[in-house]
1. Of Tyr385, Tyr325, which residue is surrounded by 19 or more Cβ atoms within 10 Å (Cβ to Cβ), of a type in the set (Phe, Trp, Tyr), over 20 Å from the mean Cα position of the chain (by Cα) and at pLDDT 90 or above?
2. Could you check, for the stretch 42-62, whether at least one of its residues is surrounded by fewer than 18 Cβ atoms within 10 Å (Cβ to Cβ) and either in a strand (DSSP E or B) or modelled with pLDDT of 75 or more (or both)?
3. If you go through the stretch 206-264 one residue at a time, how many are modelled with pLDDT of 80 or more and acidic (Asp, Glu)?
4. Taking only the stretch 381-400 into account, find how many residues are in contact (Cβ under 8 Å) with a residue 24 or more places away in the chain and closer than 30 Å to Ser86 by Cβ.
5. Filter the stretch 153-171 down to the residues that are closer than 19 Å to Phe253 by Cβ and modelled with pLDDT of 90 or more, then identify the one that is surrounded by the most Cβ atoms within 10 Å (Cβ to Cβ).
6. Quick check on this structure: which one of Gly360, Gly341, Gly415 is of a type in the set (Gly, Ala, Ser), within 21 Å of Arg90 (Cα to Cα) and surrounded by fewer than 19 Cβ atoms within 10 Å (Cβ to Cβ)?
7. Find all pairs meeting these conditions: Cβ atoms under 6 angstrom apart; at least six residues apart or on different chains; first residue within the stretch 280-299 and under 14 Å from Trp327 (Cα atoms); second residue part of a loop (DSSP other than H, G, I, E, B) and at pLDDT 85 or above.
Amino acid sequence: MCISSVKTNLLTILFLFLAPLYHADASPHYSRAYKMSCSGCHDQGSRLNTLGYRFQETGRLDHWQEDSTLETGDKRISLPDYLPLSIYARLGFYYRQNRSLSDPASNSASRQSSFDFQGPEVIRLLASAPLSRRTGFQLDLDIKPGEKNVEIGNAWVRSGHDSHFRFSIGRFDLAQMLINPRTQLHARRPAIYTTSQIGFDHGLKLEIDIGFSTLVLGAANGISEPLAINSSGPGYTGVSYDYNSNKRFFGLFNLGITEQYLGIFGSIQTDASATGTYAEILDGPAEERIAAGIQGQKKLGQRIRLAVQLLGNQWENFLGDNSKYRWYGGFVNLELLSVKGYGWTLLYEYTNAGSFSNSGTIWEGLAQHTITNTLSWQQMLNLRYRLDFIIDLQPELNSAPYTRHSDKQNGIFAGIEFSI
C-alpha cells in the first residue's frame, strides 16, 4: 500500500471530524399544509417547542384531515392537497489553516487551498406526510454539487403515530435518535457519532412511551455498502443491502421530560476488521463491535441549555491480534437561546484513541480535541446567517507514515442556510 493511500485514509478521518455538517431538518411544507407559522412548532431554527415535539411523535396535528388532505369522497384514500416537499440549502465559504489537499510525499503535484466558496454546499429535499391516521412517511435527499452525487437520508414509514407505541421500518439516522429535539446543534454533527458508526442505517425500530420515559429498541444491517448479488430470473442481478447476515442491535432508554432528561444507549454489531501495513483496509474477518454511552440534558435558567454525551467503544480483534481495542469520546453542547434573533452555541468535543494510541496505524487519528464556536442570526424563521470558528486543540505529532495528527485543522465557515 502506497503512502498516499494511507494519507488519504487519515485525511478522510480528519475531514469527518472537521467538516461543517449542520443539523437542520426544518420542513416549511407543514406551514403550507396547516396554514400556520413555523413558530407554531419551533422556538428557534430547528429546535422544537412543545407542539413541535408532539408533532414529531405523531406526524400530524389533530385536524390534519380537514386542513391538509384532498377531498376525494373516498375514505379509503388519504392524499395531501399540497406538495409535501420542502427545500433546504446551505452555502457560504470555508477557510482552513491546513492548506495541503494532497500527500506531499507522493509523486503527484501538491495542491493547496486555504479558502474556497461552497455555494451551495448541500441542497436537501425533504418530503413527509401522513398516509393515514396511524401511518406516515419521510424521505430526504441530499444533493451535493461539490461532490457531484446524491445521497439518501431518512427514508422510512412509521406506524402508530397517535399512540405510545410506534414502529418504523426503512432507513433512519441513529444519531438523530440520540439528539433530543430540544437540543439544537448549531455547529455540526459530533464526530464521535461518525467514528463510532452511529449514522444512517437500514432496519426497524420500536419506540415505547412509558410515563416520563421512552424506550427504543431496534435492529439494523450495520453500516455497510450494498452488494450486487445473483438473483432468480434470467439476466437479473439484485442488490443486498448488507454483505453478511450479522445485524446491529441497538437500544435507548431516556428518563425525564423534554427539557431535562438522562439516558443510556448501546449498540452491538459485527463488521470487518482491518488489514494492511497501517490498518488502512477494512476487508478482514467480521468481528464484534460494541458501543455504549450515557447522555443528559438540563436547562440552566431561562436561556441556556446544556447537553452532554459520553460514548465508549470496544472493537474485538480489530487488528487481527486477538486483542480488545477500547476507545472513548464525547461532547458538551452549551447553547444560549435566541435573543432578538441572535444565538450562540459552543460545542466541545474530545476523543481519546485509547488502545489505538501508538499503534502505528491510521486509527491513531481517532484522537480529537476541538471547540466549535457558532454565532448565528435568524433574520427570518426560514433564513439564518451563521459564523463558525473551529479551533483544533489536538497537539501536532509528526509521525511517519502519517498515522498521527500531523498539522492543525483550524477553520472558519461563514454562510447562509434557508428553507422554503
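The values are calculated or read from the model by the stated rules, or taken from the named source; none is laboratory data. In this text, all values refer to a predicted model and were calculated from it rather than measured experimentally. When we count neighbours, we look across all protein chains shown, and the Cβ atoms used for this are built from the backbone with ideal geometry, even at glycine.
1. Every option except Tyr325 fails the conditions.
2. Yes: one or more hits.
3. Total satisfying the criteria: 2.
4. Going through the stretch 381-400 one residue at a time, the tally reaches 9.
5. Among them, the one singled out is Ser168.
6. Gly341
7. Going by the 6 Å Cβ cut-off, the qualifying pairs are Ala291/Ser196.
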